[in-house]
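S.K.: I am attaching a structure below and will ask some questions about it afterwards.
The values are calculated or read from the model by the stated rules, or taken from the named source; none is laboratory data. Keep in mind the model is a prediction, meaning the values are calculated, not measured. No Cβ is skipped: glycine too gets one built from the backbone with ideal geometry, and neighbour counts run over all protein chains shown.
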Amino acid sequence: MTEPTNQTPEALTDIPVTGAALIAQVVATLPFSPGVYRMLDARGDALYVGKARSLKKRVTYYTDPARLPERLRRMVFETRSMEIVTVPTEPEALLLEANMIKRFRPRYNILLKDDKSYPWLILTEDHPFPQIAKHRGARTRKASFYGPFASAWAVSQSITALERLFQLRSCEDTVFANRTRPCLLYQIKRCSAPCAGRISPADYAEQVAQARVFLAGRGAELQQKLAAEMEHAAAAQEFERAAILRDRIRALTHVQSSGVATASSIDDADVIAIYQLAGQSVVQVFFLRGGRNNGNRAFYPAHAQNAEASEILSAFLPQFYDDKPIPPFVLLNIDLPDRALLGQALGLKAGRKIELATPARGEKRAFVLHAETNAREALERKLAEATGQAKLLKAVAELFEMAAPPARIEVYDNSHLMGRQAYGAMIVAGPEGFRRNAYRKYGIKGPVAPGDDFAMMREVLLRRFARTIKEEGEGLEPEWPDLVLIDGGQGQLSAAQEIFDQLGLDDIKLVAISKGPDRDAGREWFHQTGKPPFQLPPRDSTLYYLQRLRDEAHRFVIGTHRAARSKALTGSELDSIPGIGPARKRALLNHFGSPRAVGQAGLAELEAVPGIDAAVAKIVFSHFQAK
């Protein structure tokens, strides 16, 4: 019989404190001040980020797992350490919490999935004849910015409206500088052709000023002014000018009644509505600026199935506005228990008062209901698509004799030009459709014989799965596919199977899909190791789905290859010289005309180039002399 082992106090102290016991130790040192707490797992990744008016009172809540819901009990069990940040006020804690949630993506928080930038409309201020244009990214150009807009399409609609109303140019400065005759936009009365001198600088400046009035939401004021000018021109028998003003008034009336401007009683505001169905939620956001509808966008936050709408919307707002300008009014379809706190926090971020309201009547209420209707329809469409996707995945599982529908499908393809700029690519799909943030591209490193597609496929799969095995050995939790599709025939399948055998991957379904005779779509063959190839009926829905997967992989890898080929074509010998960036490269090419001429230049000639000092000239000269 084995004697029980007695542990000394020293040995007991070596056992790490985790979960509720760890949180209890942290609580003992916490202040009663506002702040943000972060729970971390064994790898140091964030499990949850929370804010508190009183850190000690709030974090104490997690020390008794018995009173927590199952989801939070799991979170507490996984907690291995905590990080605390104190701030002066609760609104500041709310803003910091939102920033940390977007940065760390903790899996137990409600997460806003919003990785897209928002376009703006700009009216430039660095040219005698200002341009209207679409803009994304940093605001480095000297211009007036209007927006944000929900989509590039919404910006394009507004630019078209401004062209018709004020005939402002939308061409780039380089195009403007090189034109001598009016373009097509002048012929269809969407540009006044300042490039060809068809309008004076003073008259163009007047049209720019009118455009600014319109973009500021004062369309009615502008319409009255144009009407007065038209009457004055008619009285002075300036009938041609009166006709131009009449056409502009008609265009302005059309724009104001066509949906570009739809909310007469709402100036600058965001209208936000949440809708829930079947344990999922959608948040619909309408952007109203200057009384105009700048479009709308639907968001699908990640959250627990039983999360309340108010809880989701309260988490959504600070994350949504973490990196966006905040309008003075935010109209909501439901009231929030912490509306006052959210208003304070957003006001602190914006530097002015922000009002969160749930209108009960009038045009504002109608617009909120309109946003709610759009939210409901968007979620119903998404659920219908998910149902169709689930049926397709079930059919795929049955087709390839899988135990369950695949949760992650990876599709691989290669592209090269006679062995040059060789790339492999992986696209990912699942119940939610294509997962574009999981796509990967692989520059083929070799050694691979030119055009050896089989060797390229072996390299790509080896790099992808060897890394995954390594990560799993380090205690990480990488994502494994349930199904791997290879674009190719029996040869590609054999190359892939060789790597799977080498790595011991025997629980992943591997299938190759090849085109049939004459490479006709609809006559594809499916290949599996140890089984005869087969075809599906040409109009089979499962075949269409698998074709879409294969075509998406082909599109992605071709785009990657073409980008690499374009970069190679536009590159030059100057790119490999240390200290020669885009500006100096441009200066050298402008002065000498070609990289070859730069290489043939003497040291004194190089020093004479504007922007090239003696030290840089010596580096360039030495580089070519050493070749």
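S.K.: Do any residues in the range 538-557 that are in the same structural domain as S415 (by TED's automatic domain parsing) have Cβ atoms under 6 Å from those of residues that are part of a helix (DSSP H, G or I), where the two are at least six apart or on different chains, and which pairs are they?
M.R.: Correct list of pairs: T542/A395; T542/L399; Y545/L392.
S.K.: Please give the number of the condition L393 fails out of (1) free of Cβ contacts under 8 Å to residues at least 40 places away in the same chain; (2) within 23 Å of the chain's Cα centre (by Cα); (3) over 30 Å from V285 (Cβ atoms).
M.R.: Among (1) free of Cβ contacts under 8 Å to residues at least 40 places away in the same chain; (2) within 23 Å of the chain's Cα centre (by Cα); (3) over 30 Å from V285 (Cβ atoms), the lone unmet condition for L393 is (2).
S.K.: Shifting gears a bit: Scanning for something within 26 Å of P325 (Cβ to Cβ) and either of a type in the set (A, V, I, L, M, F, W, C) or touching a strand residue (DSSP E or B) at 6+ places or on another chain (Cβ under 9 Å) (or both), does the range 222-233 turn up at least one residue?
M.R.: Looking through the range 222-233, at least one residue is within 26 Å of P325 (Cβ to Cβ) and either of a type in the set (A, V, I, L, M, F, W, C) or touching a strand residue (DSSP E or B) at 6+ places or on another chain (Cβ under 9 Å) (or both).
S.K.: Identify all residues within the range 132-149 that are outside any strand (DSSP E or B) and crowded, with 17+ Cβ neighbours inside 10 Å; write none if there are none.
M.R.: Kept after step one, since they are outside any strand (DSSP E or B), are these residues of the range 132-149: 136-142, 147-149.
Answer for the range 132-149, where residues must be outside any strand (DSSP E or B) and crowded, with 17+ Cβ neighbours inside 10 Å: G147, P148, F149.
S.K.: Continuing with this model, one more query. I need the full set of residues from the range 54-70 which are in a helix (DSSP H, G or I) and either in the same structural domain as N306 (by TED's automatic domain parsing) or surrounded by 14 or more Cβ atoms within 10 Å (Cβ to Cβ) (or both), in order please. If you could, list the steps in order and put the result at the bottom.
M.R.: Let us first name the residues in the range 54-70 that are in a helix (DSSP H, G or I), namely 55-63, 65-67, 70.
Residues satisfying the conditions are L55, K56, R58, V59, T60, Y61, Y62, T63, P65.
S.K.: Any residue in the range 594-609 that is farther than 10 Å from L574 by Cα sitting within a Cβ distance under 7 Å of a residue that is not in a helix (DSSP H, G or I)? List the pairs, counting only those 6 or more apart or interchain.
M.R.: Pairs found: L606/I612.
S.K.: Please count how many residues of the range 479-498 are under 16 Å from I427 (Cα atoms) and surrounded by fewer than 18 Cβ atoms within 10 Å (Cβ to Cβ).
M.R.: Selection size over the range 479-498: 2.
S.K.: Here's a follow-up. Would you call E524 touching a strand residue (DSSP E or B) at 6+ places or on another chain (Cβ under 8 Å) and either modelled with pLDDT under 90 or within 30 Å of D45 (Cβ to Cβ) (or both)? Quick ask: steps written out before the conclusion?
M.R.: Numbers: touching a strand residue (DSSP E or B) at 6+ places or on another chain (Cβ under 8 Å): yes; either modelled with pLDDT under 90 or within 30 Å of D45 (Cβ to Cβ) (or both): yes.
Criteria met by E524.
S.K.: Checking A378 against (1) over 18 Å from E432 (Cα atoms); (2) touching a strand residue (DSSP E or B) at 6+ places or on another chain (Cβ under 6 Å): exactly one of these is not met. Which one?
M.R.: Only one criterion in (1) over 18 Å from E432 (Cα atoms); (2) touching a strand residue (DSSP E or B) at 6+ places or on another chain (Cβ under 6 Å) is unmet by A378, namely (1).
S.K.: When only residues in the range 190-222 that are surrounded by fewer than 17 Cβ atoms within 10 Å (Cβ to Cβ) and closer than 14 Å to R169 by Cβ count, which is nearest to the chain's Cα centre (by Cα)?
M.R.: Only one residue fits best here, namely A205.
Residue-wise test of (1) farther than 16 Å from V283 by Cα; (2) under 20 Å from the mean Cα position of the chain (by Cα); (3) hydroxyl-bearing (S, T, Y).
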residue: F299; (1), (2), (3): no, yes, no
residue: A302; (1), (2), (3): no, yes, no
residue: A315; (1), (2), (3): no, yes, no
residue: V330; (1), (2), (3): no, no, no
residue: R339; (1), (2), (3): yes, no, no
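S.K.: Please determine whether any residue of the range 56-75 is touching a Pro at 6+ places or on another chain (Cβ under 7 Å), touching a residue at least 12 places away in the same chain (Cβ under 8 Å) and of a type in the set (A, V, I, L, M, F, W, C). Let's see the steps before the verdict.
M.R.: Initially, the range 56-75 is screened for residues touching a Pro at 6+ places or on another chain (Cβ under 7 Å), giving 56, 73.
With touching a residue at least 12 places away in the same chain (Cβ under 8 Å) added as a condition, the list becomes 56.
Retained after the next criterion (residues that are of a type in the set (A, V, I, L, M, F, W, C)): none.
No, the range 56-75 has no match at all.
S.K.: Related question: Mind counting the residues in the range 110-130 that are out of contact with any Asp or Glu (no Cβ under 9 Å at 6 or more places or on another chain) and assigned to a strand (DSSP E or B)?
M.R.: Residues that pass the stated criteria total 5.
S.K.: All but one of (1) buried (at least 17 other Cβ atoms within 10 Å of the Cβ); (2) outside any helix (DSSP H, G or I); (3) free of Cβ contacts under 8 Å to residues at least 60 places away in the same chain hold for A360; state the number of the condition that does not hold.
M.R.: In the conditions (1) buried (at least 17 other Cβ atoms within 10 Å of the Cβ); (2) outside any helix (DSSP H, G or I); (3) free of Cβ contacts under 8 Å to residues at least 60 places away in the same chain, A360 misses (1) alone.
S.K.: If you check every pair at least six apart or on different chains, which have Cβ atoms under 7 Å apart with a residue in the range 25-51 that is in contact (Cβ under 8 Å) with a residue 40 or more places away in the chain and basic (K, R) first and a residue that is in a strand (DSSP E or B) and surrounded by fewer than 16 Cβ atoms within 10 Å (Cβ to Cβ) second?
M.R.: Once the first residue is in contact (Cβ under 8 Å) with a residue 40 or more places away in the chain and basic (K, R) and sits in the range 25-51, its partners that are in a strand (DSSP E or B) and surrounded by fewer than 16 Cβ atoms within 10 Å (Cβ to Cβ) give R38/E83.
This table checks each residue for (1) part of a helix (DSSP H, G or I); (2) surrounded by 16 or more Cβ atoms within 10 Å (Cβ to Cβ); (3) aromatic (F, W, Y).
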{"site": "R463", "(1), (2), (3)": "yes, yes, no"}
{"site": "A466", "(1), (2), (3)": "yes, no, no"}
{"site": "E471", "(1), (2), (3)": "yes, no, no"}
{"site": "G475", "(1), (2), (3)": "no, no, no"}
{"site": "F500", "(1), (2), (3)": "yes, yes, yes"}
{"site": "F526", "(1), (2), (3)": "no, yes, yes"}
{"site": "P533", "(1), (2), (3)": "no, no, no"}
{"site": "P538", "(1), (2), (3)": "no, no, no"}
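S.K.: Further question: Give the residue that is surrounded by the most Cβ atoms within 10 Å (Cβ to Cβ), with candidates limited to residues of the range 102-131 that are among the aliphatic types (A, V, I, L, M), in contact with a helix residue (DSSP H, G or I) (Cβ under 6 Å, 6 or more places away or on another chain) and within 18 Å of G50 (Cα to Cα).
M.R.: Our first condition is that a residue be among the aliphatic types (A, V, I, L, M); within the range 102-131, this holds for 110-112, 121-123.
Okay, now just the ones that are also in contact with a helix residue (DSSP H, G or I) (Cβ under 6 Å, 6 or more places away or on another chain), so 110, 112, 121.
Remaining after also requiring within 18 Å of G50 (Cα to Cα): 110, 112.
Details: I110: 19, L112: 23.
Result: L112.
S.K.: Search the range 304-327 for residues being in a helix (DSSP H, G or I) and among the acidic types (D, E), and hand back the single one that is modelled with the lowest pLDDT. Break it down stepwise before answering.
M.R.: First, the residues of the range 304-327 that are in a helix (DSSP H, G or I): 309-323.
Of the ones still in play, those that are also among the acidic types (D, E) are 311, 322-323.
Working: E311: 95, D322: 91, D323: 86.
Within the range 304-327, the match that is modelled with the lowest pLDDT is D323.
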